[in-house]
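Below is one structure, written out as structure tokens; comments come after it.
The values are calculated or read from the model by the stated rules, or taken from the named source; none is laboratory data. In this text, all values refer to a predicted model and were calculated from it rather than measured experimentally. Cβ placement follows ideal geometry from the backbone for every residue including glycine, while neighbour counts extend to all protein chains displayed. Protein only, heavy atoms only, side chains kept; ligands, DNA and RNA dropped before computing areas. Shrake-Rupley method; radii C 1.70, N 1.55, O 1.52, S 1.80 Å.
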Amino acid sequence: MEEDMENGRSYQERPRTFSTVRSKSSIPLVFRLLMRINPRALIILSLLVFSGVLYVGASTSPIVVFVFCICTLSLFFSLYLTKWVLAKDEGPPEMSEISDAIRDGAEGFFRTQYGTISKMACILAFVILGIYLFRTTTPQQEASGLGRATSAYITVASFLLGALCSGIAGFVGMWVSVRANVRVSSAARRSAREALQIAVRAGGFSAIVVVCMAVFGVAILYSTFYVWLGVDSPGSMKVTDLPLLLVGYGFGASFVALFAQLGGGIYTKAADVGADLVGKVEQGIPEDDPRNPAVIADLVGDNVGDCAARGADLFESIAAEIISAMILGGTMAQRCKIEDPSGFILFPLVVHSFDLVVSSVGILSIRGTRDPGLISPIEDPMSIMQKGYSVTIMLAVLTFGVSTRWLLYTEQAPSAWLNFALCGLVGIITAYAFVWISKYYTDYKYEPVRLLALSSSTGHGTNIIAGISLGMESTALPVLVISVAIISAYWLGQTSGLVDESGNPTGGLFGTAVATMGMLSTAGYVLTMDMFGPIADNAGGIVEMSQQPESVREITDVLDAVGNTTKATTKGFAIGSAALASFLLFSAYMDEVSSFAQLPFKEVDIAVPEIFVGGLLGSMLIFLFSAWACSAVGKTAQEVVNEVRRQFIERPGIMDYKEKPDYGRCVAIVASASLREMIRPGALAIISPMAVGIIFRILGHSTGQPLLGAKVVASMLMFATVAGILMALFLNTAGGAWDNAKKYIETGALGGKGSESHKAAVTGDTVGDPFKDTAGPSLHVLIKMLATITLVMAPIFL
């Protein structure tokens, strides 16, 4: 070091290497085994598997064959996107070195985290097996010859498959982001539009694979059970009861998504908070500066928290919505005595198959500049992506109308399909409204964020007050929108003309399910926008650490700010879909309890003291879970802050580029702490509904109220859903607004970087970090997991 300085070479001029934290291959075992197979043999094996899948699908329904074909074509499209992205250059060697360090850290943590989650999933699988082996069976199961053992093994297999697919979805999200980030950084040296296109297509690859896996998984499971159990043959299960066997798949996906979101969120925000507090506020160095010891941990966190966790999250959202809609479609078809109920049951799979098509068109609509050598001026990436979203929505409206006419037409009510098409339109409008509302409250082009930035000019306290008030205000419009959507869709379903044997309208709940499908009919493109955010964030970090010209950093700063907005909008989108999906699963839970207990269960009376207490416990669960999630970030961030301070004190040459920070130490701290801290809030979410249900079940049997346990759990679920939606909206929007208020000041407004306003905005951003990337995203996963766990565990509450 001294010799280098004597010769006039600074640390800044020397090639930099970054410590790797990976000790062994982090590629999952199944992929490593496939890579060892001869390519020709692999192609033959793939063709055989596809032929077998098509045979099973053809034995089930032509609709399933259609779904399989669309999913297969979509997988080929995702391979095209991968090849296109990976063909782009990685830039100069210093960019590649930084990218490799990020990749090693992300893949190493992914392996460790998912190893821990898989062990917990196996333990829970044994618990589910024990419960189902000793539970009572419903009359429908007895009539079809489906015994306890068969039901138990089916549920456990579904749970483990859902958990596996959710894990693969997370891996795909992380795999592409750690390879695309450096390519976006390199492209930013030439053109803002090219950098945008690479980030969008990289996110599109992950989105298409996640949606495709969710649809493929449910379709294969449905077809396998259909053929294996001989559904609709004499003395066997009816096709309308089959979707209930898929609930375990949704529970497995929710289980993995919750822990992935918790662990990844704690990791990314603890590193981010530690890096910002010491680097920006105390030392006055820029964001992602290579002198900051926590910068690599921060960039790794973007991938494990925002990409891997969000992939698992959206996979779980789509799977839960498909299964709940299939259950309600089957139930309604059975009550209305529809001759061929397969269209109503398989409708969600077709909608999401078309989602793959329209989202692919939307992704391809975003193009680069015509002249590859042209250095284009900075365009507004949000308006470009908004145009792609508008194209996707218009196509989704058309394909949704085609799907309803194809699958939901019935002679009993010839105009019912039109009502359900309008329900889908309600859902699509709701999705667009959620995206627009989230953008309004989190984009610094609009008044709320600019007022929040202005509050920073009077100090840290006023910034915090303004951010909290903005977050609270932002809950109003989404709640009004979701309320109108639920009532409108329910009314359209009720007036569809479908009636039961007694002449009572029965399409209301299914209309709400169709609206949920409409909302998620553009999920592929929405997830693309979400994945764009962390990729752009990482690209900005690589540009800063490799010390590229200021003009390059300006491009990545604009992409990063837009990424914050797209992440906030997709979180709002996810909350809205979680509200609708939970409403559907709640109805399915009441039907399941009624089937097991052989007693009517159509309403929950909160005037009963025990049931009211259940509601209080559900609301408390949301606040306690959020508190523990934020606390976990705070504790881990304290360790990072102390470590970064120690390095700056013990290595004073870091600030002058004479000494290199120990990046690996901060990575190790956040990795171990996040795995440790994710257990407590996750265990709370799983154990609470079971404990409450069992306690009140015992109390109910001692007081002659056989359904008390199930009713208290229903109340708990209902209140938790309401409180969780509001809390998640508040946390996500406030956090996103604080972040973009800081970005707005960094554009030069109110004194720019380094000013007192900027320091106050950094404090607000630090407070908002665990809100928007840990507690908030985990809450909407929690809401759906509570709904699925109560449905799976319904027998133990009776």
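So if I check each of A720, A787, A710, A728, which one is within 30 Å of A275 (Cα to Cα) and small (G, A, S)? Outline the logic, then answer.
Working: A720 fails: within 30 Å of A275 (Cα to Cα); A787 fails: within 30 Å of A275 (Cα to Cα); A710 fails: within 30 Å of A275 (Cα to Cα).
Only one candidate qualifies: A728.
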Qualifying residue in the stretch 168-190 (condition: within 30 Å of G91 (Cα to Cα), in contact with a helix residue (DSSP H, G or I) (Cβ under 7 Å, 6 or more places away or on another chain), in a helix (DSSP H, G or I) and open to solvent by 30 Å² or more (accessible area, probe 1.4 Å)): yes
Residues of the stretch 42-74 satisfying the condition of being in a helix (DSSP H, G or I) and either polar (S, T, N, Q) or in contact with a Cys (Cβ under 6 Å, 6 or more places away or on another chain) (or both): S46, S51, S59, T60, C71, T72, S74
Selection count where residues are buried (at least 18 other Cβ atoms within 10 Å of the Cβ), small (G, A, S) and at pLDDT below 85, scope the stretch 101-143: 4
Some residue of the stretch 589-605 being out of contact with any helix residue (DSSP H, G or I) (no Cβ under 7 Å at 6 or more places or on another chain), under 25 Å from L328 (Cβ atoms) and among the acidic types (D, E): yes
Flag for S360 being over 30 Å from D769 (Cβ atoms), open to solvent by less than 40 Å² (accessible area, probe 1.4 Å), modelled with pLDDT under 80 and in contact with a Ser or Thr (Cβ under 9 Å, 6 or more places away or on another chain): no
Scan of the stretch 259-297 for residues that are open to solvent by less than 10 Å² (accessible area, probe 1.4 Å), in a helix (DSSP H, G or I) and not hydrophobic (A, V, I, L, M, F, W, C), ordered by number: Q261, G263, G264, G265, Y267, T268, K269, G274, D276, G279
Among the residues listed as G540, G508, G493, the single one being surrounded by fewer than 24 Cβ atoms within 10 Å (Cβ to Cβ), over 21 Å from the mean Cα position of the chain (by Cα) and among the small types (G, A, S): G508
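Name the residues in the stretch 86-97 that are in contact (Cβ under 8 Å) with a residue 24 or more places away in the chain and over 27 Å from the mean Cα position of the chain (by Cα), would you? Can you show your working first?
First, the residues of the stretch 86-97 that are in contact (Cβ under 8 Å) with a residue 24 or more places away in the chain: 86, 88-97.
Residues satisfying the conditions are K88, D89, E90, G91, P92, P93, E94, M95, S96, E97.
Restricting attention to the stretch 566-604, and to residues there that are acidic (D, E) and surrounded by fewer than 20 Cβ atoms within 10 Å (Cβ to Cβ), which single residue is modelled with the lowest pLDDT?
To start, the set of residues in the stretch 566-604 that are acidic (D, E) comprises 591-592, 603.
Imposing the further condition that a residue be surrounded by fewer than 20 Cβ atoms within 10 Å (Cβ to Cβ) reduces the set to 591, 603.
On the way: D591: 78, E603: 82.
Looking at the filtered set, the residue picked out is D591.
Each row is one residue, and each column tells you yes or no for (1) in contact with a strand residue (DSSP E or B) (Cβ under 6 Å, 6 or more places away or on another chain); (2) closer than 17 Å to V64 by Cβ; (3) not in a helix (DSSP H, G or I).
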position	(1), (2), (3)
L328	no, no, no
K337	no, no, yes
D340	no, yes, yes
V351	no, yes, no
D355	no, yes, no
V358	no, no, no
G362	no, no, no
R367	no, no, yes
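Quick one: which residue in V644, V613, V608, V604 is farther than 26 Å from G252 by Cβ and touching a Cys at 6+ places or on another chain (Cβ under 8 Å)? Don't jump to the end; show me each part of the working.
Numbers: V613 fails: touching a Cys at 6+ places or on another chain (Cβ under 8 Å); V608 fails: touching a Cys at 6+ places or on another chain (Cβ under 8 Å); V604 fails: touching a Cys at 6+ places or on another chain (Cβ under 8 Å).
When all the criteria are applied, what remains is V644.
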Hey, I322 among the hydrophobic types (A, V, I, L, M, F, W, C), in contact with a His (Cβ under 8 Å, 6 or more places away or on another chain), open to solvent by less than 10 Å² (accessible area, probe 1.4 Å) and within 24 Å of D591 (Cβ to Cβ) or not: yes
Unmet criterion (only one of (1) among the hydrophobic types (A, V, I, L, M, F, W, C); (2) crowded, with 24+ Cβ neighbours inside 10 Å; (3) within 29 Å of the chain's Cα centre (by Cα)) for V644: (3)
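Given the criteria at pLDDT 85 or above, assigned to a helix (DSSP H, G or I) and closer than 30 Å to V127 by Cβ, does I796 qualify? Show your work before the answer.
Details: at pLDDT 85 or above: no; assigned to a helix (DSSP H, G or I): yes; closer than 30 Å to V127 by Cβ: yes.
When the stated conditions are applied, I796 does not pass them.
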Top-ranked residue in the stretch 748-774 [being touching a residue at least 60 places away in the same chain (Cβ under 8 Å) and in a loop (DSSP other than H, G, I, E, B); ranked as surrounded by the most Cβ atoms within 10 Å (Cβ to Cβ)]: K753
Residues of the stretch 191-224 satisfying the condition of being open to solvent by 10 Å² or more (accessible area, probe 1.4 Å) and more than 27 Å from F532 (Cα to Cα): I220, L221, T224
Count of the stretch 478-518 residues which are among the aromatic types (F, W, Y) and in contact with a helix residue (DSSP H, G or I) (Cβ under 7 Å, 6 or more places away or on another chain): 2
Pair list, Cβ under 7 Å, 6 or more apart: the stretch 559-575 residue among the acidic types (D, E), other residue part of a helix (DSSP H, G or I) and open to solvent by 10 Å² or more (accessible area, probe 1.4 Å): D560/D537
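Which residue out of G563, G615 is over 19 Å from F259 (Cα atoms) and buried (at least 24 other Cβ atoms within 10 Å of the Cβ)? Before you say what the answer is, go through the steps one by one.
Details: G615 fails: buried (at least 24 other Cβ atoms within 10 Å of the Cβ).
Of G563, G615, the one residue that is over 19 Å from F259 (Cα atoms) and buried (at least 24 other Cβ atoms within 10 Å of the Cβ) is G563.
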Unique residue being open to solvent by 60 Å² or more (accessible area, probe 1.4 Å), modelled with pLDDT of 65 or more and not basic (K, R) when the list is P39, P92: P39
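Which residue is farthest from the chain's Cα centre (by Cα), if the candidates are limited to the stretch 454-464 and must be in a helix (DSSP H, G or I) and surrounded by 15 or more Cβ atoms within 10 Å (Cβ to Cβ)?
Step one: list which residues in the stretch 454-464 are in a helix (DSSP H, G or I), which gives 454-458, 460-464.
Narrowing further to those that are surrounded by 15 or more Cβ atoms within 10 Å (Cβ to Cβ): 454-457, 460, 462-464.
Details: L454: 32, S455: 32, S456: 32, S457: 35, H460: 32, T462: 32, N463: 29, I464: 27 Å.
For the stretch 454-464, the residue satisfying everything is S457.
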Pair list, Cβ under 7 Å, 6 or more apart: the stretch 192-215 residue farther than 12 Å from V172 by Cα, other residue of a type in the set (D, E): A192/E379; R193/E379
Flag for A714 being of a type in the set (A, V, I, L, M) and surrounded by 20 or more Cβ atoms within 10 Å (Cβ to Cβ): yes
First in the stretch 267-287 and at negative phi, second anywhere and aromatic (F, W, Y) and buried (at least 24 other Cβ atoms within 10 Å of the Cβ), Cβ under 8 Å, 6 or more apart: Y267/F109
